[in-house]
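The values are calculated or read from the model by the stated rules, or taken from the named source; none is laboratory data. Just so it is clear, the model here is predicted, and its values are computed rather than measured. Please note: Cβ atoms are built from the backbone with ideal geometry, for glycine as well, and neighbour counts cover all protein chains shown. Just the protein is used for accessible areas: all its heavy atoms, side chains included, with ligands, DNA and RNA removed. Shrake-Rupley method; radii C 1.70, N 1.55, O 1.52, S 1.80 Å.
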Amino acid sequence: MSARVLLVTGAAGFIGANYVRHVRNADPQARIVAYDLLTYAGNLENLAGLTEGDNYRFVKGDIRDAKALDAVFSDEKITHVVNFAAESHVDRSILGPEIFVDVNIRGTQILLEAARRHGVERFLQVSTDEVYGSLGPSGLFTEQTPVAPNSPYSASKAGADHLARAYYHTYNLPTLITRCSNNYGPYQFPEKLIPLMLINCLEGKPLPVYGDGMNVRDWLHVSDHASAIEVVLATGRVGEAYNIGGNNEWPNIEIVKRLAALVDERTGKAPGTSEALITYVTDRPGHDRRYAIDSTKIRDELGWTPTYTFEAGLPETVDWYLENESWWRRIISGEYRDYYAQMYGERERL
Ligand code: NAD
Ligand code: TYD
């Protein structure tokens, strides 16, 4: 079998970058073409340490740009596509839904079409459990749960899933869909719950908990998500969707309290200092109450299991943010954006 040539879109984001690092270690033979528009959420520092050469290249590009995609597909002879590129934040989708439709739905269709034109062995669409909508106090999302998205973000991701499925049924494009629960771990952009709360604890700022804090999310370490994607990409049945989750449900308020306690412990603050920063704020409109994933299919069919427990993963994540303060400080200050404008301005003139 010849080595894979992977097009990883959205590779400079949180999960994309962790996935690229995972593949680099697990399959050194694979050539990885990291493709990312470097929006506010894309950060080349997330890919620091990967060196351009025989098995790695970064391309700044838009999944909505068919011409740019054509060039990459033909120059690189792409064999596998993993599509992480998306607008990913629910709150932003409530403030401005248009870009979510444009990138997540139209962009995915343009990427699928490029993959079809050039022929690939596999196309994996990275989706989310949020396409299933919201659960009551019991029950789990299975792959048979009807898709019923509630936010503009999840609706746009569901639209992309439908297109990936349709490209399989209509054009025989070998697509696969993964639907994962909430991720946590290194390099997560500080607009999402865990890094936002962590950084606010460190900065002594209020910890804004939406509603009553009893909304439940099912948390999975990002490296377990990366390993699941690799398994589905290699051995999943084309045309199928696979749920990914770690049976790790927590109400938001419990997570915030745990993070607050961990920060106090790690930074030598008196116990309770950070927890006192908790501030309940107006709920998110249409806030899904509970997500919980049944990942029996990927476990039984493909033999995947997560390796991280929350007990190990959460303190490790707190330590990562403590050790990588310069990473998040640059994001918060917006300094990194100026850096990219300068760097890419110069590169494009070459
Ligand atoms: P992220 O916002 O950190 O990263 C998204 C990346 O996509 C960024 O690097 C951004 O620059 C890039 N991008 C955006 N628009 C683009 C475009 N038009 N062309 C090329 N690149 C573009 O998001 P994330 O949390 O890493 O999520 C990655 C994927 O995983 C998304 O598709 C998301 O829906 C899905 N997902 C996320 C979670 C989670 O908990 N974060 C859970 C399940 C699924
Ligand atoms: P988030 O990280 O935005 O992920 P998602 O909405 O995709 O699940 O939010 C996780 C949960 O945390 C969600 O129930 C909303 C809640 N939340 C807060 O209570 N406060 C916040 O400041 C943020 C960002 C999220």
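Distance distribution note for region 89-168: the fraction of Cα pairs above 21 angstrom is 33%. Using C-alpha pairs below 8 Å separated by at least 6 residues, the relative contact order for region 231-317 is 43 percent. Close amide H pairs (under 5 Å, H built 1.01 Å from N) link E87 with N104, residues at least 5 positions away or on another chain.
Which of rounded, prolate or oblate describes region 204-321 when judged by the alpha-carbon gyration tensor and an a/c cut-off of 1.5? Could the numbers behind the result be given before it?
Values: a/c = 3.31, a/b = 1.75, b/c = 1.89.
Note, shape of region 204-321 comes out oblate.
Using the eigenvalues of the Cα gyration tensor, what equivalent ellipsoid semi-axes result for region 122-229 when each is taken as the square root of five times the eigenvalue, whole Å, largest first? Working shown, then result.
On the way: eigenvalues 178, 59, 30 Å².
Result for region 122-229: semi-axes of 30, 17, 12 Å.
Once both axes come from the Cα atoms, what is the angle between helix 335-349 and the longest principal axis of the chain, in degrees from 0 to 90, rounded to 10? Roughly 10 degrees, rounded to the nearest 10. How far is helix 193-203 tilted, in degrees, relative to the longest principal axis of the Cα atoms in the chain, given as a value from 0 to 90 rounded to the nearest 10? So the inclination is approximately 50 degrees. Relative contact order for the chain: what percent, with Cα pairs under 8 Å and sequence separation of 6 or more? Once normalised by length, the contact order is 17 percent. Heavy-atom accessible area for K257, with the other protein chains in place and a 1.4 Å probe, reaches approximately 80 Å².
Global dimensions of region 199-257 from alpha-carbon coordinates: Rg and Dmax equal 16.4, 48 Å. Every helix of 4 or more DSSP H residues in the chain counts as -39500 (n - 2.57), and over all residues that averages to -13000 deg cm²/dmol at 222 nm.
Only Cα pairs under 8 Å and 6+ residues apart enter the sum, and on that basis the relative contact order of region 1-40 stands at 54 percent. Positive end of the charge dipole of the chain (Lys, Arg +1 and Asp, Glu -1 on Cβ, about the Cα centre): tell me which of Q188, L233, I15 has its Cα farthest that way. It is L233, whose Cα lies furthest towards the positive end.
Of the listed residues E113, E254, the order by accessible area with a 1.4 Å probe, largest first, is E254, E113.
P(r) for region 34-105, from all Cα pairs and a bin width of 5 Å, is 3, 13, 23, 23, 19, 11, 6, 2, 0 %, short bins first. Taking only the Cα atoms of the chain, the radius of gyration and Dmax are 19.7, 61 Å. Against the main long axis of the alpha-carbon atoms of the chain, helix 222-235 sits at an angle near 30°. When Rg and the Kirkwood radius Rh are both evaluated on Cα atoms of region 65-118, their ratio Rg/Rh stands at 1.07.
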